[in-house]
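Student: This structure is in C-alpha cells; I'll ask about it shortly.
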Amino acid sequence: MARRRMIYEGKAKILYEGPEPDTLIQYFKDDATAFDATKKATIEGKGVLNNRLSEHFMSGLNAIGVPTHFIRRINMREQLIRMVEMIPLEVVVRNYAAGSLSKRLGIPEGQQLPRPVIEFYYKDDALHDPLVTEEHVVAFNWASQQDIDDMIALALRVNDFLSGMFLGVGIRLVDFKIEIGRIYDGDFQRLIVADEISPDSCRLWDIETGRKLDKDVFRHDLGDLADAYTEVAKRLGVMPKSQSRTHSGPKLVN
C-alpha cells in the first residue's frame, strides 16, 4: 500500500490517512519507552508482535460484540482502523496490586484485589498522565456521566475476555489500560475500544513462575523485551510454539 499522509506520531505508533473516508492506517513502531519517555530503545520486531497481538485481541472482542476500531490487518506492521474521536483518558483495570497502585496504597505487589478496580488517567504527557476522579471527568467535560458508565461497562467486558484468554495459556492478567473513542451515526454516539491492546498496555505474569511478560521487562531491565512478547504470542497461537526469534525478527503465522 502506498504511503499516505501522516496524521499523528506517538511513542509506539504512527497514524496515516486511510484509503476510505473515516479510516486510518495504524503503523506499529519498534520503539520502546518508559518513565514518561525518559528511557527509550528500539526493540527489533516489537512493532510486528504488537500489531499481530493487538489484531488478535481486537478481532476477538469484535467477535463477542465488544466494538473496537479494528477493521483488518494490512501487513506485518499496519492495520486499517476506524477514525474515532478519542476521549482524553486512559481507562485502567486492575485485578492485582502492582505498579503505582501498590506505591500509592501500600498494598503488596501481587495481592489479588477484592474486585476489579477501574481508574481514569488524564492523557497529558506534560502532566505525566495524572490519576483523575469521575468528578474531574464530568466537570472538565472530558466525558459525560453516561459516557463514564459506558466506559466502565466496556472495560469490564474487555477484562472478562482478556482474563479468560490469558488464564487459558497460563498467564495472569494483573492490569491493563485501554483507550476509548466516539463514533457517530447522525446524532447517535457510540463508544468503542481504540488505540491498541498489547503487552505494551498490559501487565502479564506467568502464573507458575511469576515471570513478567510485559513492558516491565524493559522498564526494570529484566531481560529481552521481544523474547517476552514472543512468548505471549506463542502461547496465544499467534506464533508457532516451535518458532524461535531470529535476528530478522519474529515470524508470525498468517
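Any read-out appearing in this document is the output of simple, stated calculations on the displayed coordinates, not a laboratory observation. Everything numeric in this text was worked out from a predicted model, so none of it was measured. Cβ: placed from backbone, ideal geometry, glycine included. Neighbour counts: every protein chain shown.
Student: In square nanometres, what is the average projected area of the Cα convex hull of segment 1-94?
Tutor: 7.3 nm²
Student: Can you list residues whose amide H is under 5 Å from L113's amide H, if they're 5+ apart or on another chain and H is modeled 1.01 Å from N?
Tutor: Y96, A97
Student: Here's something else I'd like to know. Suppose we take every Cα in segment 88-218 and form the convex hull; what volume per residue is that in Å³?
Tutor: Value for segment 88-218: 127 Å³ per residue.
Student: Where does the charge balance sit around A153 when Lys and Arg score +1, Asp and Glu -1, over other residues with C-beta under 12 Å from its C-beta?
Tutor: Spelling it out: positives minus negatives among the neighbours equals -3.
Student: Whole-Hz Karplus ³J(HN,Hα) for segment 62-71, in order, using 6.51 cos²θ - 1.76 cosθ + 1.60 and θ = phi - 60°, x for Gly and Pro?
Tutor: Running phi through 6.51 cos²θ - 1.76 cosθ + 1.60 with θ = phi - 60° gives 4, 5, 9, x, 8, x, 10, 7, 6, 10 Hz.
Student: Still on this structure, please answer the following. Which ³J(HN,Hα) values in Hz, rounded to whole numbers, follow from the phi angles of segment 43-51 under the Karplus curve 6.51 cos²θ - 1.76 cosθ + 1.60, where θ = phi - 60° and Gly and Pro get x?
Tutor: Once θ is set to phi - 60°, the couplings for segment 43-51 become 10, 4, x, 4, x, 5, 4, 5, 4 Hz.
Student: Excluding A32 itself, what net charge comes from residues whose Cβ is under 10 Å from its Cβ, given Lys and Arg +1 and Asp and Glu -1?
Tutor: +4
Student: Let me ask another. Could you tell me which residue out of L156, V91, Y122 lies farthest along the dipole of segment 60-176 toward its positive end? Charges go on the beta carbon: Lys and Arg +1, Asp and Glu -1, centred on the Cα centre.
Tutor: Ranked along the dipole, the leading option is L156.
Student: Let me ask you something else. Please list the non-local residues whose amide H lies under 5 Å from the amide H of E196, H modeled 1.01 Å from N, same-chain partners needing a gap of 5 or more.
Tutor: Answer set, sorted by chain and number: E179.
Student: Return the sequence-ordered ³J(HN,Hα) values of segment 190-199 in whole Hz as given by the Karplus equation 6.51 cos²θ - 1.76 cosθ + 1.60 applied to θ = phi - 60°, using x for Gly and Pro.
Tutor: 9, 9, 9, 6, 10, 6, 7, 10, 7, x
Student: Give the separation of the Cα centroids, segment 195-235 to segment 139-159, in Å.
Tutor: Segment 195-235 and segment 139-159 have Cα centres separated by 27 Å.
Student: Based on the mean of other Cβ atoms within 10 Å per residue, sort peptides 175-187, 77-89 so the most packed one is first.
Tutor: Output ranking for 175-187, 77-89: 77-89, 175-187.
Student: Related question: Per residue, how big is the convex hull of the chain when only Cα atoms are used? Give it in Å³.
Tutor: Per-residue hull volume (Cα only) is 141 Å³.
Student: Here's something else I'd like to know. Using helices alone, I'd like the mean residue ellipticity at 222 nm for the chain: each DSSP H run of four-plus residues gives -39500 (n - 2.57), total over residue count, nearest 500.
Tutor: My calculation for the chain gives -8500 deg cm²/dmol from helical runs alone.
Student: Something else now. Show the residues, 5+ positions off or on another chain, whose built amide H is closer than 5 Å to the amide H of R211.
Tutor: Under 5 Å from the amide H of R211 lie the amide H atoms of D206, each far enough along the sequence or on another chain.
Student: Net charge near S201, counting Lys/Arg +1 and Asp/Glu -1 over other residues with Cβ under 11 Å of its Cβ?
Tutor: Neighbour charge sum, excluding S201 itself: -4.
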